[in-house]
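Q: The structure is given below, and queries will be raised subsequently.
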Amino acid sequence: MSGAKNCPETPRQKMIGMMYLVLTAMLALNVAAEILNGYKMVNSSLVDSITTTESRVKGLITTMEYMNEQNPVKTKEWLDKTYLVRDECDKMYGILQEFKEGIISAADGGDFEKAKSQPGFDVSRYSMSKPDNLDGASNYAEVNQYETSKTGRGADLQNAIINFRKFVEKMFDNDTARTRVYEITFKTDKIYSDHAKDSVDWVQGTFESMPAIAAVTMISKYQSDVRFAEEAMIQYFRSRTDAGDMRVNKITAVVIPDSKVVMQGGKYHAELALMAVDTTKQPDYYVNGQKLENCMIDRSAGAVGDVKYSGEIVVTNAEGERISYPFESEYSVTPPNATIANEEMNVVYRGYNNIMQIAVPGVSSSKLSVSASGASFTRNGDNWICKVEGGAAEINISVTANVDGKNVSMGSKSFRVRSLPNPTAFIKLSNGDLFSADKGGIKKSQFEGASVVAEYGESENLKANFVVKSFQMSISDGRGGTRKIASEGNKFSSSQLQTIKNMKSGTVISLSNIEFGGAKSGKNLPFAPVTLK
């Protein structure tokens, strides 16, 4: 505005130039004042929002406490987490509040300390006297110290915000969607600074050369975020108390019996329950890893024995989560059987492994116990072996079954005890056929490789084992005399075979003095004479 030497500035021109300078300064001051007033308005709005959110949080906590009184088993876990969230949020809010007051004190100095001493002072409603102070926030955050050693109040605040963010994400079970939200909300990464004309650490970018009111407003924003996060977490806990509840539109009463068949002396046991279903949304049913078409289990009964199986019922709750309800069960497969007995022939034999089938319909054989006075029982697969001991004329067999952990009597039955009958003597041919006198004549050649055996024959159900120890062969000499040749064992001796070879057809041969042992011992089994062909 200064004039040239050949055109000196007049007093009027100097006055006009001075007015331009003053006007420019005044315009700059007005813009700055408007910006600062804008920060004050935003800060005041944040404070109001915080107050409203705190009121809602208190209401939520009261609701959770009431729900816990009504159903502590279902709610206590989530109420405990609610209290934990409340304490952590109050702690984080307090750290931010202390930092905010520190910035205000550093900027306003004595004015703030004087205001604090007044009765009823509320720092959240305090109007800063030096909101444009550019050193208070930087000094209180100890930006210079942070630049050299990464320590100071600003670094402590940054770490507190990071830890709080991790806590919030943990309370939400590290849900991916919610994690992304809170990583942005409580972001403390590097930011671009107009002052430094480059990306700088969060502490420097937030507090260095920042007007005090701007830094205070930023802290209020974090406080508001803390309260919003607190409300969201408690809302989440409240929803989790109902996470296992299914929406239903039909409720019916059902009776679930252990079995529809009850044995005499046993107990009928059933559970009464309410069955609630949603006819518009069917669960998924799985048994042994295989998905079923519906809730019915139809399985073919194969091998006899106990069959165990497990599975799960999967339902989708209102939040879209699939929840699994596992189960285990078992059933018994028994062979088809009918108890048919001839009451006149209830007999067991001494010295013999009496094979007996003992079954109780609906009860696995593995859960049965069998006993009798004067006899012993051992299991042999699905059968029982009864061995009579002593000379009792009768035994009484008792059967018990393990039903629901208790031994229940299934009944008893008496059997007469008899000695084994004598077997019948046969000539066992080399091809395994049994030959007896009623089959007609016998060829000389059939004696080769033949033996004398003692058995019950095909008409007798007993399967006792006998061993022929010796026998005597008698041959008519045609003159009224008899030639006798003995054999030590069950085979025809060489002398007997040679004699038979020299005989004529029509010669009569008798076997006598047949001595046997094994299941029973004896001598002189009858054997009708046979004629050589």
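Q: Given a 1.4 Å probe and every protein chain left where it sits, what share in percent of the accessible area of segment 378-533 is carbon and sulfur? Mind dumping the intermediate values first?
A: Details: 3900 of 8790 Å².
The value for segment 378-533 is 44 percent carbon and sulfur by accessible area.
Q: Now for a separate question. Place a +1 charge on the Cβ of each Lys and Arg in segment 418-476 and a -1 charge on the Cβ of each Asp and Glu, then give the dipole magnitude about the Cα centre in debye, rounded to the nearest 20.
A: Values: 7 positive and 6 negative charges, 28 e Å.
Dipole magnitude for segment 418-476 comes out near 140 debye.
Q: Which three extents, in angstrom, do the Cα atoms of segment 381-533 have along their principal axes, listed largest first?
A: Each principal axis gives a Cα extent; for segment 381-533 these are 78, 30, 24 Å.
Q: Take a quick pass over segment 453-533 and tell me how many lysine pairs come in under 21 angstrom between Cα atoms, counting only ones 8 or more apart or on separate chains.
A: Taking the Cα cut-off of 21 Å, the pair count is 16.
Q: Could you sort 98, 231 by accessible area so the largest value comes first, with the probe set to 1.4 Å?
A: Details: 98 120, 231 25 Å².
Largest accessible area first, the residues go 98, 231.
Q: For segment 117-247, take the alpha-carbon Rg, divide it by the Kirkwood Rh, and send me Rg/Rh.
A: Numbers: Rg = 18.4 Å, Rh = 17.0 Å.
Ratio of gyration radius to Kirkwood radius: 1.08.
Q: Would you rank 295, 89 by solvent-accessible area, highest first, keeping every protein chain in place and using a 1.4 Å probe?
A: Working: 295 75, 89 0 Å².
Solvent-accessible surface, decreasing: 295, 89.
Q: Can you order the peptides 277-289, 463-475, 132-144, 45-57 by their average number of other Cβ atoms within 10 Å per residue, highest first? Show your work: numbers first, answer last.
A: On the way: 277-289: 12.8, 463-475: 18.2, 132-144: 20.8, 45-57: 15.4.
Highest-to-lowest ranking by the protection proxy: 132-144, 463-475, 45-57, 277-289.
Q: If the cut-off is a Cα-Cα distance under 25 Å, which lysines reach residue 100, setting aside same-chain residues fewer than 8 apart in sequence?
A: 40, 58, 91, 114, 116, 130, 150, 166, 187, 190, 221
Q: Across 5 Å bins from 0, what is the distribution of all Cα-Cα pair distances for segment 36-189, in whole percents?
A: Spelled out per bin, shortest first, that is 2, 7, 12, 15, 18, 16, 12, 8, 5, 3, 1, 0.
Q: Suppose accessible area is computed on protein heavy atoms with a 1.4 Å probe; arrange 309, 331, 146 from highest to lowest.
A: Numbers: 309 40, 331 70, 146 15 Å².
Largest accessible area first, the list is 331, 309, 146.
Q: Now for a different question. Near residue 413, which lysines are there with a Cα under 21 Å away, not counting those fewer than 8 places off in the same chain?
A: In chain and number order, the partners are 367, 387.
Q: What ratio of Cα Rg to 2.2 N^0.38 Å holds for segment 490-533?
A: This ratio for segment 490-533 stands at 1.39.
Q: Once you sort the root eigenvalues of the Cα gyration tensor of segment 152-206 as a ≥ b ≥ c, which label holds: rounded (a/c under 1.5), prolate (a/b larger than b/c) or oblate (the other case)? Each step should come with its number before you reach the end.
A: On the way: a/c = 5.02, a/b = 1.88, b/c = 2.67.
Oblate, since a/c reaches 1.5 and b/c is not below a/b.
The values are calculated or read from the model by the stated rules, or taken from the named source; none is laboratory data. Since the structure is predicted, the reported quantities are computational estimates derived from the model, not experimental observations. Quick reminder, even Gly has a Cβ in these numbers, built from the backbone with ideal geometry, and neighbours come from all protein chains shown. Remember, those area values only see protein heavy atoms, side chains included, never the ligands or the DNA or RNA. Shrake-Rupley method; radii C 1.70, N 1.55, O 1.52, S 1.80 Å.
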